[in-house]
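Q: Mind having a look at this structure? Questions to follow.
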Amino acid sequence: MAVQLSVTSRNARLDAIETNIGTNPVLNFRTGSQPANCALANSGTQLGQITLPSDWLAVASSGSKAKLGTWSSTAIATGTAAHFRINSSDNTCHIQGSITAIGGGGDMELGTTSIITGQTVTVSTFILTDGNP
């Protein structure tokens, strides 16, 4: 049988992630497949980056934590966004995942994954979830 945590413990773990990454993390959105884990080098072409607000995630509730505020920036390259990485201010990757268009079920959703240089890119949905098995 798998270990299960209370909602309070799951919320605390999620809130600790934001504290660990710190204020002003950087979100990079990239083409291609994401690396196997955050310790590996970046892959694909960087299409843009967003310096996230100091308070970038809402307080965890019911085992999840959603983006806070508007996450938006101008694209620096043209391509299809497929994955993202969220780095701390020292450029260490702490979170990575898939990108899809709204309703596509990715770990992060954008209005469109077809990015053109100079286009404004806005993150529509990003939610961290800490569930029990």
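Q: Every residue in region 18-56 that is without any contact (Cβ under 8 Å) to a residue 60 or more places away in the chain and over 23 Å from Ala101 (Cβ atoms), please.
A: Glu18, Thr19, Ala36, Asn37, Cys38, Ala39, Leu40, Ala41, Thr51, Pro53, Ser54, Asp55
Q: Can you tell me which residue among Asn20, Asn42 is touching a Lys or Arg at 6+ places or on another chain (Cβ under 9 Å) and at pLDDT 95 or above?
A: Asn42
Q: Can you tell me which of (1) closer than 16 Å to Ile95 by Cα; (2) open to solvent by less than 30 Å² (accessible area, probe 1.4 Å) is the one Leu47 doesn't meet?
A: (1)
Q: Separate question: Go over the candidates Ser98, Ser114, Ser88 one by one and state the one that is at pLDDT 95 or above, touching a helix residue (DSSP H, G or I) at 6+ places or on another chain (Cβ under 6 Å) and polar (S, T, N, Q).
A: Selected residue: Ser88, the only one of Ser98, Ser114, Ser88 that is at pLDDT 95 or above, touching a helix residue (DSSP H, G or I) at 6+ places or on another chain (Cβ under 6 Å) and polar (S, T, N, Q).
Yes or no, residue by residue, for (1) out of contact with any Gly (no Cβ under 7 Å at 6 or more places or on another chain); (2) assigned to a helix (DSSP H, G or I); (3) more than 24 Å from Trp71 (Cβ to Cβ):
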{"residue": "Ala2", "(1), (2), (3)": "yes, no, yes"}
{"residue": "Leu5", "(1), (2), (3)": "yes, no, yes"}
{"residue": "Asn11", "(1), (2), (3)": "no, yes, no"}
{"residue": "Ala16", "(1), (2), (3)": "yes, yes, no"}
{"residue": "Thr19", "(1), (2), (3)": "yes, yes, no"}
{"residue": "Thr23", "(1), (2), (3)": "yes, no, no"}
{"residue": "Ala36", "(1), (2), (3)": "yes, no, yes"}
{"residue": "Ala39", "(1), (2), (3)": "yes, no, yes"}
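Q: Still on this structure, please answer the following. In region 77-104, what residues are touching a Ser or Thr at 6+ places or on another chain (Cβ under 8 Å), under 22 Å from Leu40 (Cβ atoms) and surrounded by fewer than 16 Cβ atoms within 10 Å (Cβ to Cβ)?
A: Ala77, Thr80, Ser89, His94
Q: Something else now. Restricting to region 56-76, count the residues that are in a strand (DSSP E or B) and either of a type outside the set (Val, Ile, Thr) or buried (at least 16 other Cβ atoms within 10 Å of the Cβ) (or both).
A: Qualifying residue count for the region: 8.
Q: A further question on this structure: Pick from region 105-133 the residues that are under 12 Å from the mean Cα position of the chain (by Cα) and in a loop (DSSP other than H, G, I, E, B): which of them is surrounded by the fewest Cβ atoms within 10 Å (Cβ to Cβ)?
A: The residue in question is Asp107.
The values are calculated or read from the model by the stated rules, or taken from the named source; none is laboratory data. Note that the coordinates shown come from a computational prediction; the quantities given were computed from them, not determined experimentally. No Cβ is skipped: glycine too gets one built from the backbone with ideal geometry, and neighbour counts run over all protein chains shown. Side chains included, ligands, DNA and RNA excluded: accessible areas come from the protein's heavy atoms. Shrake-Rupley method; radii C 1.70, N 1.55, O 1.52, S 1.80 Å.
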